[in-house]
């Protein structure tokens, strides 16, 4: 077991960029909107949904990764969230492998601030998506 993620930084960055697109829609529905009732149907257009193309694309991409890459993503998320630090990579990865299921994509996509956690996780290992994002924006 390595002391750093083996998943390609570019793969993680691709997920971060897509997750940001998906997360940008979170919270778009205001609880007490107070506007014209006729407009109510339109305000939920940006709300997250399992039918959302960004969600589906990201889920398909994560599902297509091998088990090791999926476990790296989960462990990186935990490190970015502060559950572990970079020095505890082997423990985080071992736990991710122990708890791995076929629902990794759903687990990750159900994690609020996923893109931030992955970015912080990469940063803990001296990696960044700066060049990746610049090349694609």
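In segment 95-104, which residue that is over 13 Å from the mean Cα position of the chain (by Cα) and within 21 Å of residue 8 (Cβ to Cβ) is surrounded by the most Cβ atoms within 10 Å (Cβ to Cβ)? Break it down into steps so the answer makes sense when it comes.
First pass over segment 95-104, keeping only residues over 13 Å from the mean Cα position of the chain (by Cα): 95-103.
Okay, now just the ones that are also within 21 Å of residue 8 (Cβ to Cβ), so 96-97, 100.
Values: 96: 22, 97: 16, 100: 15.
Only one residue tops the list, namely 96.
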Matching residues in segment 1-24 - criterion: being modelled with pLDDT of 90 or more and in a loop (DSSP other than H, G, I, E, B): 5, 6, 7, 8
Would you confirm whether any residue within segment 110-130 is surrounded by fewer than 17 Cβ atoms within 10 Å (Cβ to Cβ) and either at pLDDT below 90 or in contact with a strand residue (DSSP E or B) (Cβ under 8 Å, 6 or more places away or on another chain) (or both)? yes
Residues in segment 25-77 that are out of contact with any helix residue (DSSP H, G or I) (no Cβ under 8 Å at 6 or more places or on another chain), surrounded by 13 or more Cβ atoms within 10 Å (Cβ to Cβ) and either modelled with pLDDT of 60 or more or under 30 Å from residue 88 (Cα atoms) (or both): how many? 2
Residue list for segment 67-104, filter: over 18 Å from residue 16 (Cα atoms) and outside any helix (DSSP H, G or I): 83, 84, 85, 99, 100, 101, 102, 103
Which condition number in (1) touching a helix residue (DSSP H, G or I) at 6+ places or on another chain (Cβ under 8 Å); (2) on the phi < 0 side of the Ramachandran plot; (3) surrounded by 14 or more Cβ atoms within 10 Å (Cβ to Cβ) is the one that residue 85 fails? (3)
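The values are calculated or read from the model by the stated rules, or taken from the named source; none is laboratory data. Only a predicted model underlies this, so the values are computations on that prediction, with no experimental measurement involved. Positions of Cβ are generated from backbone atoms using ideal geometry, with glycine treated the same way; all protein chains shown enter the neighbour counts.
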